[in-house]
Amino acid sequence: MQTKAYAAQSPTTPLAPTTIPRREVGELDVAIDILYCGVCHSDLHAARGEWPGMRYPLVPGHEIIGRVTAVGSAVSKHKVGDVVGVGCMVGSCRHCDSCHDGLEQYCEGPHGWLQTYNGWLDGSGENTFGGYSAGITVDEHFVLKISHGEADLAAVAPLLCAGVTTWSPLRHWKVGPGKKVGIVGIGGLGHMGIKLAHAMGAEVVAFTTSPAKIQDARDLGADQVVVSRNADEMAAHAKSFDFILNTVAAPHDLDAFMALLKRDGTMTMVGVPDTSHPSPNVANLIFQRRQLAGSLIGGIPETQEMLDFCAKHGITSDIEMIDMKDIEAAFERMKKSDVKYRFVIDMATI
């Protein structure tokens, strides 16, 4: 069936109205009318061909909130009328160790995981089209239950990427009461990291290069805010952090933050820069048995856990709603970090 969408036809063409094919509902499928779709920085990178292997036409969007319109005969988790979410992936091999562990984002199958847009991670098979569209059909395993109230649904959309990308490492490294946690960067990811770490009971310190963001970070839940360009402020926190979540996707000096970790502390990276970070000093790791790690989005079980936690604690993303026709202007503003902190498209405007 044909569905309205916005697509980039090439890396140099703006997103524009088009129609795309959506499959008919199979026995394990859920058909969804899309209500809201968050705008992730990945959408911009992909549409502009700034990452290798992009396939066109390209319909971005992997922060999807919608309402179920049809379910297959074998579907048991969702029913018509349910409000549901779809995140960054819509398939995996379902048989490897990572899939069995509920960590489908690390799928070791022959093709990796199936991205909500741009197809299989290894580039094989057919293209897939994301949430900048009127509807989508997804295997029920990759459809999430949403229990927030109707008034919050637009602000829930970014939880499907920005929320779980920060939740997964916070949970894996056991952030909670008694832990001192740093969040580097106060943007789409960082603002969610602050909210989640605060709600998990940790002492939260936010790091920013901009003094103008100090009050914003406090309002989000940070106990302290450090301007990372101030050497004295940084030095005051030396060897004091259990965990640092670094959300910055631009190359920067990692040693300045590694020096703030306690013995056995970990800094986890979730942003992928266009060019490499300067190489960290190995002595910084060796002499305090520190760890520099990475983390990728989240599996389906932990995404559901995050959504339930956020509903219980009244957590949503801070958003600015836009019409579909304004996506290119939103992309330009996003390049300048001119959004607090996530754009969300009202898909009724498509």
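A few notes on this one:
- Taking the Cα centre of the stretch 163-294 as reference, the dipole from Cβ charges on Lys and Arg (+1) and Asp and Glu (-1) amounts to some 420 debye.
- Cα gyration tensor shape of the stretch 163-294, rounded if a/c is under 1.5, else prolate or oblate by comparing a/b with b/c: rounded
- Backbone phi angles across the stretch 22-29, fed through the Karplus curve with coefficients 6.51, -1.76 and 1.60 (θ = phi - 60°), yield HN-Hα couplings of 10, 6, 5, 6, x, 5, 10, 9 Hz in residue order; Gly and Pro are listed as x.
- When you filter the chymotrypsin sites (Phe, Trp or Tyr not before Pro) in the stretch 98-132 for DSSP loop state and at most 13 other Cβ atoms inside 10 Å of their Cβ, nothing is left.
- The stretch 253-294 versus the stretch 125-174: alpha-carbon centroid distance in Å: 29 Å
- Peptides 175-186, 69-80 ranked from most to least packed by the mean count of surrounding Cβ atoms within 10 Å: 175-186, 69-80.
- Neighbour cut-off at most 15 other Cβ (10 Å), DSSP loop, chymotrypsin sites (Phe, Trp or Tyr not before Pro), the stretch 245-322: Phe287
- Each residue of the stretch 268-283 was assigned a 3J(HN,Hα) from its phi angle through the Karplus curve 6.51 cos²θ - 1.76 cosθ + 1.60 (θ = phi - 60°); the sequence is 10, 9, 10, x, 10, x, 5, 10, 5, 5, x, 4, x, 6, 4, 4 Hz, with glycine and proline shown as x.
- The stretch 81-140 shape via C-alpha gyration tensor axes, a/c threshold 1.5: oblate
- Per-residue Karplus couplings for the stretch 201-213, computed as 6.51 cos²θ - 1.76 cosθ + 1.60 with θ equal to phi - 60°, are listed in order as x, 7, 7, 10, 10, 9, 10, 9, 8, 10, x, 5, 9 Hz, Gly and Pro entered as x.
- Taking other residues whose beta carbon is less than 12 angstrom from the beta carbon of His277, and scoring Lys, Arg as +1 and Asp, Glu as -1, yields -3.
- Placed amide H near Phe343: partners under 5 Å, 5+ positions off or other chain: Val39, Glu320
- Each Cα pair under 8 Å and six or more residues apart adds its separation to the average, and for the stretch 163-294 the resulting relative contact order is 21 percent.
- Here the contact order of the chain, divided by its residue count and restricted to Cα pairs under 8 Å and six or more residues apart, works out to 17 percent.
- Summarising the amide proton neighbourhood of Leu260: residues at separation of 5 or more, or on other chains, whose placed amide H is nearer than 5 Å comprise Lys239.
- With Cα atoms, 0 to 90° folded angle of helix 300-313 axis to the chain main axis: 70 degrees
- Listed by chain and number, the lysines whose alpha-carbon sits under 29 Å from that of Lys180, ignoring those within fewer than 8 places in the same chain, are Lys195, Lys213, Lys239, Lys262, Lys312, Lys340.
- With every protein chain in place, the chain: carbon and sulfur % of accessible area (1.4 Å): 53 percent
- Simple spin-label estimate for Asp264 and Ile286 gives 2.2 nm between the two label positions (7 Å along the Cα-to-Cβ direction from each Cα).
- Among beta bridges that DSSP assigns inside the stretch 163-294, antiparallel share in %, nearest 5: 0 percent
The values are calculated or read from the model by the stated rules, or taken from the named source; none is laboratory data. Note that the coordinates shown come from a computational prediction; the quantities given were computed from them, not determined experimentally. Heads up, the Cβs are rebuilt from the backbone with ideal geometry, glycines too, and the neighbour counts pull from every protein chain shown. The area values use the complete protein model at the heavy-atom level, side chains included, leaving out ligands, DNA and RNA. Shrake-Rupley method; radii C 1.70, N 1.55, O 1.52, S 1.80 Å.
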